[in-house]
Amino acid sequence: MEQSPDTFGNYIELLKIAGYYNTLKSYGSYTCFVPDNEAISTYINSKWGVSSVSQLTSAQQIEDVKYLLKFHILRSRKLASSFPEGRLSDTTGNGDFLT
């Protein structure tokens, strides 16, 4: 993701404001379902009326970002071949199953 900031820079910034960046960079293996910059921009604009991740500064916004990111992160490494039937046996950071 770091090598493609024009595509994934917003996701990296969300990880940083949520306090997850260093954890994901340092420890273990994870699977992240990463939306591109356009998807994140559309989401934050529709949810909070902001045009930049850097404008997410309130405690509530940061808590919402943490919750959102947990839906996009698995605590193990998975390849596409791990879910041929469209579902995973592992749960997200929020404890939900993905289908």
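Express the relative contact order of region 1-95 as a whole percentage, based on alpha carbon pairs under 8 Å and six or more residues apart in sequence.
Contact order relative to length: 29 percent.
Distances longer than 25 Å among the Cα atoms of the chain: what percent of all pairs is that?
Looking at the chain, the distances longer than 25 Å represent 20 percent of pairs.
Charges only on Cβ, +1 for Lys and Arg, -1 for Asp and Glu: so what's the dipole of the chain about the Cα centre, in debye to the nearest 20?
300
How would you rank 37-46, 11-20, 54-63, highest first, on the average number of other Cβ atoms within 10 Å across their residues?
Ranked by mean Cβ neighbours within 10 Å, highest first: 11-20, 37-46, 54-63.
Relative to the present Cα-Cα distance, how much length would full extension add between N45 and S76 at 0.36 nm per residue of separation?
Roughly 8.1 nm would be gained on extension.
Using R₀ = 22 Å, calculate the FRET efficiency as 1/(1 + (r/R₀)^6) where r is the Cβ-Cβ separation of Y67 and M1; round to 0.05.
Taking R0 as 22 Å, the efficiency between Y67 and M1 is 0.60.
Using a 1.4 angstrom probe with every protein chain in place, what is the largest-first accessible-area order of V34, V65?
The ranking, largest first, comes out as V34, V65.
The values are calculated or read from the model by the stated rules, or taken from the named source; none is laboratory data. Quick caveat, the model's predicted, so the values are computed rather than measured. So basically every Cβ, Gly included, is an ideal-geometry build from the backbone, and we count neighbours across all protein chains shown. For accessibility, only protein heavy atoms count, side chains too; no ligands or nucleic acids. Shrake-Rupley method; radii C 1.70, N 1.55, O 1.52, S 1.80 Å.
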